[in-house]
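The values are calculated or read from the model by the stated rules, or taken from the named source; none is laboratory data. Nothing here was measured: the structure is a model prediction, and the numbers come from that model. Glycine also receives a Cβ, built like all others from the backbone with ideal geometry; neighbour counts cover every protein chain displayed. Surface areas here come from the heavy atoms of the whole protein model, side chains and all, with no ligands, DNA or RNA. Shrake-Rupley method; radii C 1.70, N 1.55, O 1.52, S 1.80 Å.
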Amino acid sequence: MHQNIAVLLSGNGSNLKAIIDKGIKVSFVVSNNSKALGLKIAKNANIPSYTWDNVSELEKEVLKLINEYNVKLLVLAGFMKLLSRNFVTTLPSKFIVNIHPSLLPKYKGMNAIKQALEDCAEYTGVTIHYVDEGIDSGSIIKQYTIKINKNDNLELLKERLQLIEHRFYPDTINSILSMK
Ligand code: GRF
């Protein structure tokens, strides 16, 4: 079961690392940010990477690459730009997945962890969902809940949530691929 995925990212790439470490075959990595640390992770793993800072250009090129590499699933891992309706609807439904650090539909968009803390939420978590043309609005695949501790701050909570992401995102990707 070695189906190809592609990863879109803008930042650190810790989820990319977890995906690679799990043995999932990543055909290529694309970023809108040439300084993204995730590009170094791709390079170290000998995965081709590409950067376009203009999102409509990026989308056009990613569509070509998806065909070229015969990609089965497009994985967003900290990709901070909104994909256009045209891009999302050009691809088959359930072709793009994302991971978000909240229990969607709560705390959509940027600063989801901060929003949960400021809201004094008792629980938060991680959501893995399919991507549609809205912001964090696609259908939910899996959610993992954790309790927010009294001593949690932004850093601590982010760290706890990322541990969950690294554990469950690769597993979920593998199970989606196994159904394709
Ligand atoms: C993750 O926390 C994810 O939930 C959010 O962006 C972050 C990316 O982290 N969508 P990394 O770049 O994988 O370290």
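Side notes on the structure shown:
- Any hit, segment 5-20, residues being touching a Phe, Trp or Tyr at 6+ places or on another chain (Cβ under 9 Å), closer than 17 Å to residue 72 by Cβ and away from the ligand (no atom under 14 Å from the Cβ): yes
- Whichever residue in segment 37-60 is in contact with a Leu (Cβ under 6 Å, 6 or more places away or on another chain) and not in a helix (DSSP H, G or I) and, among such residues, is surrounded by the fewest Cβ atoms within 10 Å (Cβ to Cβ): 52
- Looking only at segment 25-36, and only at residues there that are farther than 19 Å from residue 81 by Cβ and more than 14 Å from the ligand (Cβ to nearest atom), the one that is surrounded by the fewest Cβ atoms within 10 Å (Cβ to Cβ): 25
- Inspection of segment 160-175 identifies at least one residue that is over 25 Å from residue 6 (Cα atoms) and not in a strand (DSSP E or B).
- Answer from 109, 138 - the residue that is within 14 Å of the ligand (Cβ to nearest atom), closer than 23 Å to residue 24 by Cβ and open to solvent by less than 60 Å² (accessible area, probe 1.4 Å): 138
- Taking the criterion of being more than 10 Å from the ligand (Cβ to nearest atom) and buried (at least 17 other Cβ atoms within 10 Å of the Cβ), the residues of segment 73-86 that qualify are 73, 74, 75, 83.
- Extreme residue, most open to solvent (accessible area, probe 1.4 Å), among residues of segment 142-180 that are away from the ligand (no atom under 14 Å from the Cβ) and of a type in the set (Val, Ile, Thr): 145
- Check on residue 75, in contact (Cβ under 8 Å) with a residue 60 or more places away in the chain and either under 24 Å from residue 139 (Cα atoms) or assigned to a helix (DSSP H, G or I) (or both): yes
- Looking at 63, 83, just one residue is in a loop (DSSP other than H, G, I, E, B), touching a residue at least 12 places away in the same chain (Cβ under 8 Å) and in contact with a helix residue (DSSP H, G or I) (Cβ under 7 Å, 6 or more places away or on another chain), and that residue is 83.
- Residue check, residue 97 away from the ligand (no atom under 16 Å from the Cβ) and of a type in the set (Val, Ile, Thr): no
- For residue 14, the conditions (1) open to solvent by 30 Å² or more (accessible area, probe 1.4 Å); (2) in contact (Cβ under 8 Å) with a residue 60 or more places away in the chain; (3) within 20 Å of residue 141 (Cα to Cα); (4) not acidic (Asp, Glu) all hold with the exception of (3).
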